[in-house]
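Trainee: Sharing a structure below in structure tokens format, with a few things to ask.
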Amino acid sequence: MQKFPMTGSGLQRLEDELRMLKSIERPAIIRAIAEARSHGDLSENAEYHAARERQSFIEGRIAELEEIVSAAEVIDPASLSGAHVKFGAHVRLVDEETEQESLYQIVGVHEADIKEKRISISSPLAKALIGKKAGDTVSVPAPGGDRSYEILAVDYR
């Protein structure tokens with residue numbers, strides 16, 4: 001079985017979603033299907049078909065989350081150290097073209113969230129950063145052409 005590297009907080013978020021789907025969403029959709037069935041002819045019952053479609057999505061997501069959670073390999077970034085970028089690192093970068101600074105954490109594939117500044121270890125930016133240290137410059141392929149970033153700081157918390 002393939003293991004998925006993940007932070008403890010990332011695993012907790014997935015477990016919370018799984019618990020919510022099983023304890024709240026699944027029972028609610030079962031009630032919605034029963035309600036729609038009580039309305040009669042199922043062949044022309046849009047509520048019934050929408051509820052069944054939602055049920056299919058929920059059951060698929062539950063199966064996916066169960067697989068991910070069971071194969072998670074939790075890595076605590078606070079227990080890591082060093083000057084080089086690796087999984088769990090918080091990396092402060094500056095875009096050499098725009099001079100805009102950013103702070104990202106490198107996390108597992110299933111916990112990445114760009115809005116929260118958590119990038120997947122398999123993303124082009126993370127791949128370019130792995131193994132580098134503060135002061136290094138990396139070039140990252142982007143749709144509008146390569147972007148260059150200078151690493152300002154690397155820390156583990």
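Trainee: Would you please give the FRET efficiency between ARG92 and ALA28, computed as 1/(1 + (r/R0)^6) with r the Cβ-Cβ distance and R0 = 35 Å, to the nearest 0.05?
Mentor: After rounding to 0.05, the efficiency reads 0.25.
Trainee: For the stretch 149-156, in order, what is each residue's ³J(HN,Hα) by Karplus, 6.51 cos²θ - 1.76 cosθ + 1.60 with θ = phi - 60°, in whole Hz (x at glycine and Pro)?
Mentor: Once θ is set to phi - 60°, the couplings for the stretch 149-156 become 10, 9, 7, 8, 7, 9, 9, 10 Hz.
Trainee: Which peptide among 127-140, 38-51, 11-24 comes first, and what is the full order, when sorted by highest mean count of other Cβ atoms within 10 Å?
Mentor: 127-140, 11-24, 38-51
Trainee: Take the chain, connect every pair of alpha-carbon atoms lying under 10 Å apart with a spring to form a Gaussian network, then pick out the residue of ILE62, ILE121, ILE33 with the largest mean-square fluctuation.
Mentor: It is ILE33.
Trainee: How large is ³J(HN,Hα) for each residue in the stretch 94-103, as worked out from phi by the Karplus curve 6.51 cos²θ - 1.76 cosθ + 1.60 (θ = phi - 60°), to whole Hz, x for Gly and Pro?
Mentor: Residue by residue, the stretch 94-103 yields 10, 6, 5, 7, 9, 6, 7, 8, 9, 10 Hz.
Trainee: Rounded, prolate or oblate: which fits the stretch 77-155, taking a ≥ b ≥ c as square roots of the Cα gyration tensor eigenvalues, rounded meaning a/c under 1.5, else prolate when a/b beats b/c?
Mentor: oblate
Trainee: Roughly what percent of Cα-Cα pairs across the stretch 4-74 reach past 17 Å?
Mentor: 51
Trainee: Let me ask something additional. What does the helix-only formula give at 222 nm for the chain: each DSSP H stretch with n ≥ 4 adding -39500 (n - 2.57), the total divided by the residues, and the result rounded to the nearest 500 deg cm²/dmol?
Mentor: Mean residue ellipticity at 222 nm (helix-derived): -11500 deg cm²/dmol.
Trainee: Could you line up PHE87, PHE57, PHE4 from fewest to most neighbouring Cβ atoms inside 10 Å?
Mentor: With the sparsest Cβ surroundings first, the list reads PHE57, PHE87, PHE4.
Where a number appears in this text, it was derived from the coordinates with a stated rule and is not lab data. Given the structure is predicted, the values throughout are model-derived calculations rather than measurements. Positions of Cβ are backbone-derived with ideal geometry, glycine not excepted, and every protein chain shown enters the neighbour counts.
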